[in-house]
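Colleague: Quick one: this structure, given as structure tokens, is what I'll be asking you about.
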Amino acid sequence: MPRFITTAILACAAAAPWLAPAPALADWDKARLSREIVAIERESQGRLGVALLDLKDRSLWSHRGSERFPMQSVFKWPLAIAALQAVEAGRLRLDQPITIRRSEFSLYHSPLAKAFKGEANAYPVRELIALAAGESDNTAADILMREIGGPQAVTAMLKAGGITGISVDRYERQFQPEVFGLAGFGWSDVIDEPAYRARLSALDPAKRKAALQLALKDSRDSATPEASVAFVEAQAKGNWLREPAHSALIDRITLETKSGPDRIRAGLPQGARFAHKTGAGLTMDGINHATNDIGLVTLPNGRVFAIAVYLAGSAADAKQREAAHAAVARLAVAALR
């Protein structure tokens, strides 16, 4: 603010105290945050991005807040909301059965695939949403995303809601192999995961490392910490969905998720509520692609804030990476004022 404007405001406030700006309702000790995050990032052995947004007066603090980070499964939260928007638009029904074939399984984590029987099974949209957003099921996420029009439908939803710092661009079956230099799978490809993992392990380490370094800079399937907390805030305010029951469904799924107990949740005080979505990539050649967590914290004293923690390209082991998340959460709570 120009100095003459500031001076004028102060002069008016002195002459008429009732015109003085109201004290902030909530704030962060931003100097402390900026000072202590440096050590946490150093211990994380990677590039750490953090954003904190207090919902009481929208006070924001971030570290590398406008930088892009690979999302991994964090994208499944906006995907679930996009699917519910499709329900509200009449393109899907929550009880609508979607047939999934064994040949359509995606890579990596999928409780659906593990429990699968026979060659084809039908799952209601509601269950696919819960599997994707609550259990981080890759097969459910890919099938659900295909049903609503592909990754571009999720990005379009975010942009329509004013979020331009999150981009969803590929299916899990496309994205995951490309991180380490292999070709992604199309929908006509049947994925033999043991054979795929063998190819990945046999790949020239130099090629894997080079591909990973490119993936860490890729703007596709990425998010900024600041855009992430804005997304979480919009969910907390009920801005994404018209039907309160649909917002409540997302809230329940993200509150009940069991993933990431040693990340942000581990740094919160007893009695805090945490609705969130994690994301994690593989570690190859000593470097982890991503270890992430974003969500909404409600403290026992009633304070509510959105938090996003992204850790990319870390050389630390899983325990150290998750400890960095917990350390950020402890610092965030301690720096509230």
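The values are calculated or read from the model by the stated rules, or taken from the named source; none is laboratory data. Since the model is a prediction, treat every value here as computed from it, not as a measurement. Don't worry about glycine lacking a Cβ; one is built from the backbone with ideal geometry, like all the others, and counts go over all protein chains shown. Surface areas here come from the heavy atoms of the whole protein model, side chains and all, with no ligands, DNA or RNA. Shrake-Rupley method; radii C 1.70, N 1.55, O 1.52, S 1.80 Å.
Colleague: State, to one decimal in nm, how far the label point of Q270 lies from the label point of D317, with both points 7 Å from Cα in the Cβ direction.
Modeller: 2.9 nm
Colleague: Still on this structure, please answer the following. Identify the trypsin sites (Lys or Arg not before Pro) of region 31-116 meeting these criteria: DSSP loop state and at most 16 other C-beta atoms within 10 Å of the C-beta. Before the final figure, lay out each step's value.
Modeller: On the way: sites: R32, R35, R42, R47, K56, R58, R64, R68, K76, R91, R93, R101, R102, K114; in loops: K56, R58, R64, R68, R91, R93.
Answer by residue number: K56, R58, R91, R93.
Colleague: Sticking with this structure for a sec: Using a 1.4 Å probe on the protein heavy atoms, what percent of the accessible area of region 248-291 belongs to carbon and sulfur?
Modeller: Using a 1.4 Å probe with all protein chains present, region 248-291 comes out at 51 percent carbon and sulfur.
Colleague: Taking 0.36 nm per residue of separation and subtracting the Cα-Cα distance, what length does fully extending Q152 through R58 add?
Modeller: 30.9 nm
Colleague: Find how much the distance from A334 to R42 grows on full extension, using 0.36 nm per residue of separation minus their present alpha carbon separation; answer in nm with one decimal.
Modeller: Answer, rounded to one decimal: 103.1 nm.
Colleague: To the nearest 10 degrees, how steep is helix 138-148 against the longest Cα principal axis of the chain, on a 0 to 90 scale?
Modeller: Approximately 80 degrees, to the nearest 10.
Colleague: Now, a different point. Select from region 115-162 those GluC sites (Glu not before Pro) which occupy a DSSP coil region and have at most 10 other Cβ atoms within 10 Å, ordered by residue number.
Modeller: Here the GluC sites (Glu not before Pro) that fit, given the DSSP loop and packing criteria, are E119.
Colleague: Still on this structure, I have one more. Hey, how many Å between the Cα centroid of region 168-190 and the Cα centroid of region 284-337?
Modeller: Region 168-190 and region 284-337 have Cα centres separated by 27 Å.
Colleague: How would you classify region 64-151 from its alpha-carbon gyration tensor, with a ≥ b ≥ c the square roots of the eigenvalues: rounded for a/c under 1.5, else prolate if a/b is greater than b/c, otherwise oblate?
Modeller: Oblate is the answer for region 64-151, as a/c is 1.5 or above yet b/c matches or exceeds a/b.
Colleague: With every protein chain kept in place and ligands, DNA and RNA left out, what is the accessible area per residue of region 221-273? Probe 1.4 Å, answer in Å².
Modeller: Result: 46 Å² of accessible area for each residue.
Colleague: In the chain, what is the count of Lys pairs whose alpha carbons are under 14 Å apart, counting only pairs at least 8 residues apart or on separate chains?
Modeller: Step by step, the pairs that qualify in the chain add up to 4.
Colleague: Quick one: Karplus J couplings for region 170-185, per residue in order, coefficients 6.51, -1.76, 1.60, θ = phi - 60°, nearest Hz, x for Gly and Pro?
Modeller: Once θ is set to phi - 60°, the couplings for region 170-185 become 9, 6, 4, 5, 8, 5, 4, x, 5, 4, 10, x, 9, 6, x, 9 Hz.
Colleague: Nearest 500 deg cm²/dmol is fine: what mean residue ellipticity at 222 nm does the chain get from its DSSP H runs of n ≥ 4 alone, each adding -39,500 (n - 2.57), divided by its residue count?
Modeller: Mean residue ellipticity at 222 nm (helix-derived): -13500 deg cm²/dmol.
Colleague: Right, something else. Can you tell me how region 289-337 classifies by the Cα gyration tensor, rounded, prolate or oblate, using a/c under 1.5 as the rounded cut?
Modeller: The shape class here is prolate.
Colleague: Within region 62-169, report the chymotrypsin sites (Phe, Trp or Tyr not before Pro) that DSSP leaves as loop and that have at most 16 other Cβ atoms within 10 Å.
Modeller: Numbers: sites: F75, F105, Y108, F116; in loops: F105, Y108, F116.
Filter output for region 62-169: F116.
Colleague: Averaged per residue, what accessible surface does region 293-337 expose to a 1.4 Å probe, in Å²?
Modeller: Details: 1460 Å² over 45 residues.
I get 32 Å² per residue for region 293-337.
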